[in-house]
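Trainee: Structure in C-alpha cells, see below.
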Amino acid sequence: MNEIHPVHFEKLTNKVDRLKFLLLFSVLVSLFTLFVIVLKLPEPTSYTSKAGTNTASFSLLPTQISLPPEFGFQVWVNAQNPVAFAHVEINFDKNLVALTQEPELINPMLSRVVKRTSKTDANKTGVVVFAVGLDPINKALAPTGAFQLAKLTFNTITTQSNLTTQLTFNQSALKLVNPDASVFTLTTTNSNLTLNPLVLPSPTPAPSPSPSVAPSPGQIGSCDAYCKSVSLTRGLCRQNAAQCGKSNEVYVAEGNKYCAASRRNDVCCCEK
C-alpha cells in the first residue's frame, strides 16, 4: 500500500485550506453586495386608495318634483378636491317612471366616456350607469367644487294617481377619484317624485245674497198691495202725508199710481 509522503500531504492540506478561504470570502462578498443593493432600492410605491382624505357629495336636482310633464334631472357633484374619474349608478322604479331621452353626459372636462347605459337598457332594468374620466392632457383642468355631470330626463308611465317614488344613488357603486388616484368619501341626496298628483278643485264661493229691494210704486198695482209686499198690514190712500202721520201710518209717496184712481186722495200710506 502506497503512503502519502508527509511533504505532499502538507501541500495538499494547504491547497484545501486556501480553497475553503476563497469560498468563504466569495460568499461574504456576495452577501455584502446584496445588502448594498437592497439598501439602494427605492421604496415600493403604494397604490392603496386613500379613502377618507377627500370628501364629496352627489345630488339629484331637484330633490322634490311632480310628474308629468317630463323633466330633466341634473346629476351634480360637489368635491373639495379635483376629480379625474366618476362612476355613477342611479336606480328607479321601472314600473312607474322611465327615461324619455338618452342620458346626457355634459361635463366638458370629464369628456372621456368609459360607460353609459342606453335609454332602452335603463328602462328594462331600472338602472342608469355611466362613467366618465379626465383626458390625461387636461390633468391641470380637473373640475373641482360644484359641477354638473349629467342630465337624465324622466316621465311617469303609470296612470295611477298620487303615487310617490324616488330616483336614488346606489351608494356602493359610486366612485370619485382625483388625479393622484385617491378616492373620495361620498354622501348623496336623492330626488323624491310625486306621480299624477290629484289637483283638488278650488272651492266655489257661495254667492252673496242680493239685498232685497222693495218694489217701487210703479211695480205694484194698488197702495194696499204695495204695503203688504213690504210686510205692513195694509195700505190706504190719503190726501197728504200729514194725514199718514195722524193715523200712525207710514208715508210712502204722493202722486203715484198706487192711488191714481183717486185724484184727491193720491198719497199712499201704509198701516203698521
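Trainee: Would you list R116, R234 from fewest to most Cβ contacts within 10 Å?
Mentor: By the 10 Å Cβ count, ascending: R234, R116.
Trainee: Ranked from highest to lowest mean number of other Cβ atoms within 10 Å per residue, what is the order of the peptides 59-67, 78-86, 104-112, 195-203?
Mentor: Descending mean neighbour count gives 78-86, 104-112, 59-67, 195-203.
Trainee: Give a residue-ordered list of calculated ³J(HN,Hα) values for the range 66-79 (Karplus: 6.51 cos²θ - 1.76 cosθ + 1.60, θ = phi - 60°; whole Hz; x for Gly, Pro).
Mentor: So the Karplus estimates, Gly and Pro as x, are 10, 10, x, x, 4, 9, x, 7, 9, 9, 10, 10, 10, 10 Hz.
Trainee: For a quick check: sort S231, S222 by the number of other beta carbons within 10 angstrom, fewest at the front.
Mentor: Values: S231 9, S222 16.
Fewest-to-most Cβ neighbours within 10 Å comes out as S231, S222.
Trainee: Each residue of the range 223-235 in turn: what ³J(HN,Hα) in whole Hz from Karplus with 6.51, -1.76, 1.60 and θ = phi - 60°, glycine and Pro shown as x?
Mentor: Running phi through 6.51 cos²θ - 1.76 cosθ + 1.60 with θ = phi - 60° gives 4, 5, 5, 4, 4, 5, 5, 10, 6, 9, 5, 7, x Hz.
Every number in this text was worked out from the coordinates using simple rules, so none of it is lab data. A quick note: this is a predicted structure, and the numbers were derived from the prediction, not measured. As a convention, Cβ positions derive from the backbone with ideal geometry for all residues, glycine included, and neighbour counts pool all protein chains shown.
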